[in-house]
Amino acid sequence: MSGDIDRRMFRLGQDAGRRTLARSPEIAAISADMAAQARRELLIHDPRLEAALYDQIPFLEAVRRLALARPGFCVRVLLFDPRAATQVGHRLIELARRLTSRVTIRRVADEDQERLDAFLIVDETGYVHRPLAERMEAIADYANPRDARRMRQDFERLWERGSVDAELRQLFI
């Protein structure tokens, strides 16, 4: 996939097929495009909440639109250390602070922090998966409910075991 590709030709839930992404701008663009097409739910598991992907205007605008359009916890984020993201002024953290009932962030439990991957799941249909979170290489699929549901189950397990970090709790008060 070329970094110059028109991502709008891919439709969430319709355009199946694994796409290999090998650079940060490609991953960021596809993540923002999928997020912009979300109608129900956006789930993010990223140990560091990679700013090159999730602190970008197109992605943040997509999250904001989804959060304001749908009631409830439609955007959920899991990361290892929320303090690091808050200290650098990550705008997704700031957005979550303003939309506390719509964007929820939790810290992954200590026993689950040996997990090496990162992923974004949209509407239990599409996903972007980085097998090694520290590398900017990913697989994306706009229409693979089976794999998206499997990742969502992993996310739910991690979510239930995770907690709201004390630093985030202070920010959200």
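The values are calculated or read from the model by the stated rules, or taken from the named source; none is laboratory data. Bear in mind the structure is a predicted one, so any value in this text is a computation, not a measurement. Note that each Cβ is placed from the backbone with ideal geometry, even for glycine, and that neighbours are counted across all protein chains shown.
Counting only residues that are in contact with a Leu (Cβ under 7 Å, 6 or more places away or on another chain) and not β-branched (Val, Ile, Thr), how many does the range 121-136 have? Before the answer, list the steps.
Let us first name the residues in the range 121-136 that are in contact with a Leu (Cβ under 7 Å, 6 or more places away or on another chain), namely 121-123, 125-128, 132-133.
Filter once more, so that each one left must be not β-branched (Val, Ile, Thr): 123, 126-127, 132-133.
So the count comes out to 5.
For residue 28, are the conditions met, namely being small (Gly, Ala, Ser), surrounded by 19 or more Cβ atoms within 10 Å (Cβ to Cβ) and at pLDDT 95 or above? Show your work before the answer.
Numbers: small (Gly, Ala, Ser): yes; surrounded by 19 or more Cβ atoms within 10 Å (Cβ to Cβ): yes; at pLDDT 95 or above: yes.
So residue 28 fits the description; yes.
Please pick out the residue among 47, 71, 82 that is touching a residue at least 24 places away in the same chain (Cβ under 8 Å), over 20 Å from residue 138 (Cα atoms) and out of contact with any helix residue (DSSP H, G or I) (no Cβ under 9 Å at 6 or more places or on another chain).
After ruling out the rest, the residue left standing is 71.
Looking only at residues that are among the small types (Gly, Ala, Ser) and in contact with a Ser or Thr (Cβ under 8 Å, 6 or more places away or on another chain) in the range 91-137, which one is surrounded by the fewest Cβ atoms within 10 Å (Cβ to Cβ)? Quick ask: steps written out before the conclusion?
Our first condition is that a residue be among the small types (Gly, Ala, Ser); within the range 91-137, this holds for 96, 101, 109, 118, 126, 133.
Adding the requirement that they be in contact with a Ser or Thr (Cβ under 8 Å, 6 or more places away or on another chain) leaves 96, 109.
Numbers: 96: 24, 109: 15.
Among those residues, the one meeting the criterion is 109.
Contact map, the range 100-114: residues that are under 18 Å from residue 83 (Cα atoms) and modelled with pLDDT of 90 or more paired with residues that are in a strand (DSSP E or B) and aliphatic (A, V, I, L, M), Cβ distance under 6 Å, separation 6+ or inter-chain. Pairs shown: 105/77; 106/78; 108/78. Residue 133 fulfils the conditions (1) under 18 Å from residue 160 (Cβ atoms); (2) modelled with pLDDT of 95 or more; (3) not basic (Lys, Arg) except for a single criterion, (1).
Only one residue in 22, 52 is farther than 15 Å from residue 126 by Cβ, surrounded by fewer than 18 Cβ atoms within 10 Å (Cβ to Cβ), within 13 Å of the chain's Cα centre (by Cα) and touching a residue at least 60 places away in the same chain (Cβ under 8 Å). Which one? Only one candidate qualifies: 52.
Conditions tested, residue by residue: (1) under 15 Å from the mean Cα position of the chain (by Cα); (2) in a helix (DSSP H, G or I); (3) more than 20 Å from residue 161 (Cα to Cα).
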{"site": "31", "(1), (2), (3)": "yes, yes, yes"}
{"site": "68", "(1), (2), (3)": "no, yes, yes"}
{"site": "89", "(1), (2), (3)": "no, no, yes"}
{"site": "95", "(1), (2), (3)": "yes, yes, yes"}
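Is there a residue being within 27 Å of residue 161 (Cβ to Cβ) and either in a helix (DSSP H, G or I) or without any contact (Cβ under 8 Å) to a residue 24 or more places away in the chain (or both) anywhere in the range 57-64? Yes, the range 57-64 has at least one match. Annotation: of all residues in the range 115-169 being among the charged types (D, E, K, R) and part of a loop (DSSP other than H, G, I, E, B), the one that is farthest from residue 29 (Cα to Cα) is 165. Being part of a strand (DSSP E or B) and either on the phi < 0 side of the Ramachandran plot or crowded, with 22+ Cβ neighbours inside 10 Å (or both) is a description that applies to residue 78.
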